1. Provide Rg and Dmax in Å for the range 137-221, with only Cα atoms included in the calculation.
2. Specify the residue with the greatest mean-square fluctuation among GLY172, GLY162, GLY143, computed from a Gaussian network of the chain linking alpha-carbon atoms under 10 Å apart.
3. Can you tell me the mean projection area, over all orientations, of the convex hull of the chain's alpha carbons? Units nm², please.
4. Just want to confirm a number: the relative contact order over the chain, from Cα pairs under 8 angstrom separated by 6+ residues, in percent.
5. With no solvent and one point per C-alpha, what does the Debye sum give as log10 I(q)/I(0) for the range 1-59 at q = 0.25, 0.29 Å⁻¹?
6. Full extension from LYS55 to ASP150: what is 0.36 nm times the residue separation minus their Cα-Cα distance, to one decimal in nm?
7. So how far apart, in nm, are the two label points at TYR15 and MET1 if each is 7 Å from Cα heading toward Cβ?
8. In what sequence, highest mean first, do 46-52, 98-104, 56-62 appear when ranked by Cβ atoms within 10 angstrom?
Amino acid sequence: MMTMKISPSILASDYANLAQELDRIAASDMIHVDVMDGHFVPNISIGAPVVAAIKKVCRVPFDVHLMITDPLDYVEDFARAGADLICFHAESNSDIGATIDKIHALGKQAAVALKPKTPVDAVVPYLDRLAMVLVMTVEPGFGGQSFMADMMPKITQLRALGYQGDIEVDGGVNADTVKLAAAAGANVFVAGSAVFKSDDPAATIALLRQNAQEAYEKETE
Ligand code: DX5
Ligand code: ZN
C-alpha cells in the first residue's frame, strides 16, 4: 500500500510570517519549497538562506523543488541548508546522472521533475536511483494555475514501467484534482493555493489526504 503524502507549497504562504505559516501546516507530510532563479522560469522566489532559516523552526521534511538552470552548481547549498529531498528538472542544463550522484553524495534523496511537454522517456534511465519523480501539472513558474489533467497518462506510464518510488504532482492540486492524480497512481501531492488560501489548512490537508487515499484504493483494489 502506497502512503499518500501532502506537501504544501510555501510559495502561496505569507513570506513575512513564515514561521507562523509553517505552524499552520504542521500536519503535512513534507514541506514543498519552490526555488526559482528568474532564468529557468520567468520568476524569482527564494534561495538557500531562507531554507536554512525555516529549517530551524520546522521538523517536517523539506521537499525542495529547484526550478533553476544549473542545479548541479547549487545542490550542495540546498543540502547544507536542510533539504531532505532535492528535486531538479530534466530540462535543466545539468547532467542528470551527475546531479543525482552529487545529491546522493550529500546524503539526500534525489528526484527529477518533468515539465508538461517533457516525455517520461527523459527520466526512464534513472528511475532506479530516484526516490521520486515529479510530474508537473502546470508550466512551472507561478502558483494558482489550473491543473492539467492531460498529464495523467505520464503517471500511468511510470507505474506501468514498474516504478515503485514516489510520484509527485505539482500545480493546480485541490480536493477534486487530487483524486485524478491519485487514481492515475500519484502518491505525493503539492498544494499551494488550496492549502494556504483555505481558512483551515489542517482540515484541507486532511481532506486532500483522504480524497487521495480513496481514489487510489478504488483504482488499485
Ligand atoms: C509552480 C510551483 C508549484 C506551485 C503550486 O511553478 O512549482 O509548486 O507553488 O501552486 P498551486 O498549488 O497554487 O498551483
Ligand atoms: Zn513546485
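1. According to the Cα coordinates of the range 137-221, Rg and Dmax are 12.5, 40 Å.
2. GLY162
3. 10.7
4. Across the chain, relative contact order equals 20 percent.
5. So the normalised log intensities are -1.09, -1.31.
6. 30.7 nm is the gain from fully extending LYS55 to ASP150.
7. 4.1
8. In descending order of packing, they fall as 98-104, 46-52, 56-62.
The values are calculated or read from the model by the stated rules, or taken from the named source; none is laboratory data. Just so you know, these numbers come straight off a predicted model, no measurement behind them. So basically every Cβ, Gly included, is an ideal-geometry build from the backbone, and we count neighbours across all protein chains shown. Surface areas here come from the heavy atoms of the whole protein model, side chains and all, with no ligands, DNA or RNA. Shrake-Rupley method; radii C 1.70, N 1.55, O 1.52, S 1.80 Å.
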